[in-house]
Structure formats: C-alpha cells, structure tokens
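Let me begin by presenting the structure, written as structure tokens, before commenting on it.
The values are calculated or read from the model by the stated rules, or taken from the named source; none is laboratory data. In this text the structure is predicted, and so the values were computed from the model without any measurement. Note that each Cβ is placed from the backbone with ideal geometry, even for glycine, and that neighbours are counted across all protein chains shown. Side chains are part of the model used for accessible areas, which takes the heavy atoms of the whole protein and leaves out ligands, DNA and RNA. Shrake-Rupley method; radii C 1.70, N 1.55, O 1.52, S 1.80 Å.
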Amino acid sequence: MNKAQKKVLVTGGAGFIGSHVVRRMVNKYPEYQIINLDKLTYAGNLSNLKDIENKANYTFVRGDITDAIFIDKLFEEYLFDGVIHLAAESHVDRSISNPLEFVQTNVLGTVNLLNAARKLWKFQSEQGKTNFRFYHISTDEVYGSLGAEGLFTEDTPYDPHSPYSASKASSDHFVRAYYDTYKLPTIISNCSNNYGSYHFPEKLIPLAINNIKNMKPIPVYGKGENVRDWLFVEDHAAAIDLIFHQGKIGDTYNIGGNNEWKNIELIHLLCKIMDNKLHRTEGTSASLITFVKDRAGHDLRYAIDSSKLQKELNWKPSLQFEEGLEKTVTWYLDNEEWLNNVTSGAYMEYYNEQYVRR
Ligand code: NAD
Ligand code: TYD
C-alpha cells in the first residue's frame, strides 16, 4: 500500500485489538478514510473509540460479516483500497459452549469478505489499479500446543484443538486458498495473546484485575501451569500497521512478545501490582487465587518465533511485560465506568438503540 490509496476497511474495529488498530490508523494517516465495520456484539464497544469518533477520516458502519448481500453492497459503495480483517468471535470458553457461532462468524464471515474483496479487486485490476490487499488477522492458537521446548514458526503445521482455533485455522486456509486459486492479494499474521486497555473482562488479565479490585475469587484453570506468550496490544497494532503497508503479498508473519508466563506466575505478578496500587497489605490479592476445573482441551503452551517480522520488517515489541502490565492495571483502575458498563451490558443497550444494523 502506498499513501495514494485511501479507503481502508477495518472489520471488528470496535473490539479490543480492532479499536487500537482503528485509533492508530485514524491518527497516523489523516489522508486515509478508515471505515470501521462492526456488528457490536457483546465484545464490541464504540466507547473504545470515543477519542477519535468525530475525526473527519473515520466512519463507523454497523453490520454483520455473515450477511453476504450486505457485505457486497458495502464493497460496491466504498470501493475499498484495502481490508484489515479482525472481526471474529474470540473467546475459547465461549467456543466450547457454542461452536456454531464461531463457524458462522470466523469462517463464513471471512469467506463473505474474501468473495466481496475478490470481485472488487478484479474490477480494480481491470481499471489498471493493482495495489489492493486483504490482510487477515489470526492467532498463534492455530498451531496447537507446544511441549516444554520449541517455538511456533510460520512453517509449523496447523493443529488446532479448540473450536475457536479450529475456526481461525479454517479461515486462514480459506485466505490462502483465495491467494493460491484466484491470486487475490492476501497477507496473514498470527499473533500471541494480547493484553492492554479495552480488553473485555472475560479474558484472563482483565477478568483477574476486575475480580481483584472487587475482592472476588480469581479463577485459575487446573494448576495454572499453562504458558502463554503475552504481547502489549499497542505493539500488535504497530505490527499490523507495518505488515499492512510493507508485508509481502501471499506471506504469513508470526507476531509475539517473546514473553512467556505460566498463568499462575502471571497472576502472582498481577496480585503484587494490584496490592501496591490499591494500598493493600502484601498477599491480600493473592489470597483470592482459586484453582478451578480445567478448561476442556486446554493447550499447554504457546510461544512465538517472530524473527521473520523482526528481520524483514524491523518490528520489535516496545515494552517489558512488568511495565505493560502496570500500565494496564492503571488504565482499568482509572476507567471504572467503562468496566462497569461493559460488565453490566449498559453499553449494549445504548448502542442497540443508537445504531440500527444495516
Ligand atoms: P474481540 O472479541 O475483542 O473483538 C471482536 C470484534 O468483532 C467485536 O467488536 C465484535 O463486535 C466484532 N464482531 C464479532 N462478530 C462480528 C460479525 N459477525 N460481524 C461484524 N463484526 C463482528 O476480539 P479481539 O481480541 O480484539 O481479536 C480481534 C482479532 O484478533 C480476532 O480475529 C482474533 O482471532 C485475533 N487475535 C486475538 C488475540 C488476542 O489475544 N485477543 C490474539 C491473536 C489474534
Ligand atoms: P484467555 O485469556 O481465555 O486466552 P486464550 O485461551 O486464548 O489463551 O486465557 C489465557 C490463559 O488463562 C489460558 O491458559 C486459560 C487461562 N484462564 C484461567 O486460568 N482462568 C480464567 O478465568 C480464564 C478466562 C483463562
């Protein structure tokens, strides 16, 4: 992509990572028009974008990627120059209770976007315009689970275990199939676990922060031995910006924090930070740790080798985990209203009245 290209569709821009991507693109590229398409499920929240919602280069469209007719019309109306696709159902535990919703949004929704993108790209190619790209955001969970050693590389075979990771793996396969079959210019990135502001409090870190704040039990699955590789969400947004503009068509990039933590060790660090911030006696928050029944099919360890992205595009994470976690805790403590509104469903009621789905 070069600066002459202007209309960029970001799907899922009202969610956790999407809102950071939209904010970055709107602020950094005033010459672009950023169109944020989001269904506003329980996980999507326009209050995540309050600081940029009135900017001239930002447009919000409420809509569902599973609706092929709507998606086709949207592409015809805007004639996008590029797509960054983040919209998804994203929570593993929800995928275990309701797999079909994950198939619909993550697989069918992605194929609808690919079909619309293919038609638009063909039309643009016939007009002599050749720099369209479809960038699909995926997860390291498609690679399955590691033992004590090793890292996921871009060549690690897919081995998804949860309905969530199976749906993301399937969507990745479709994206590659559209590149191989139709030559649609696609790029994929697979990232490790993100943390930071605007993270919905059903995921481990914001859930634990919320529970510690309210002196409620912190549920740790199994023995807390599972390992995740945590990346600050703004570093992921920076990587997405870089890959969207400079990534090689047809390629895959792994993104990770080089920052592995056992869940139980992470929770202990979080408890220490929270005791400090809330002026509690050391050990108060840790007393809330409660070991609960393990997640079915719980992957033991994820860890990413991001050397390709570091070498080829000169990306690296900007923050140490302790610093990022402290920043995150401060954000949640300073944004109590946001936390209360997302947990009570108040935002959903408000948006359902404000925005009729197209
Ligand atoms: P999220 O659940 O916070 O946000 C998803 C967004 O998609 C929400 O705004 C939701 O309203 C929207 N959405 C859901 N279904 C939709 C539909 N049918 N049509 C239109 N919009 C819809 O998710 P997230 O954590 O921000 O993840 C974003 C993307 O990044 C996902 O594709 C996910 O697989 C991927 N990813 C996430 C992580 C992570 O740690 N969170 C790590 C790697 C990759
Ligand atoms: P999660 O935030 O759901 O991300 P993912 O499953 O996509 O990695 O979970 C991170 C880790 O924390 C994972 O090993 C499951 C574990 N976990 C708990 O121990 N307790 C919880 O309440 C949650 C939500 C997750």
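Side notes on the structure shown:
- Dipole magnitude of the chain, debye to nearest 20 (Cβ charges: Lys/Arg +1, Asp/Glu -1, about Cα centre): 680
- The chain, accessible surface, carbon-and-sulfur percent (1.4 angstrom probe): 50
- Rounded to the nearest 20 debye, the dipole magnitude of the range 223-293 is 340 debye, with +1 charges on Lys and Arg beta carbons, -1 on Asp and Glu beta carbons, and the Cα centre as origin.
- Excluding same-chain neighbours fewer than eight residues apart, the aspartates and glutamates reachable from Lys293 by a Cα-Cα span under 19 Å are Asp93, Glu202, Glu225, Glu265.
- Farthest positive-ward along the chain dipole, Cα basis, beta-carbon charges - from Ser145, Asn36, Trp230: Asn36
- Cross-link pairs Lys6/Lys50; Lys168/Lys272; Lys7/Lys316; Lys277/Lys311; Lys129/Lys203; Lys28/Lys129 - those with Cα-Cα distance over 30 Å: Lys168/Lys272; Lys277/Lys311; Lys129/Lys203
- Placing unit charges on each Cβ (+1 for Lys and Arg, -1 for Asp and Glu) gives the chain a dipole about its Cα centre, and among Gln310, Thr59, Asn211 the Cα reaching farthest toward its positive end belongs to Thr59.
- Placing +1 on each Lys and Arg Cβ and -1 on each Asp and Glu Cβ, with no other charges, gives the range 1-153 a dipole about its Cα centre of roughly 660 debye.
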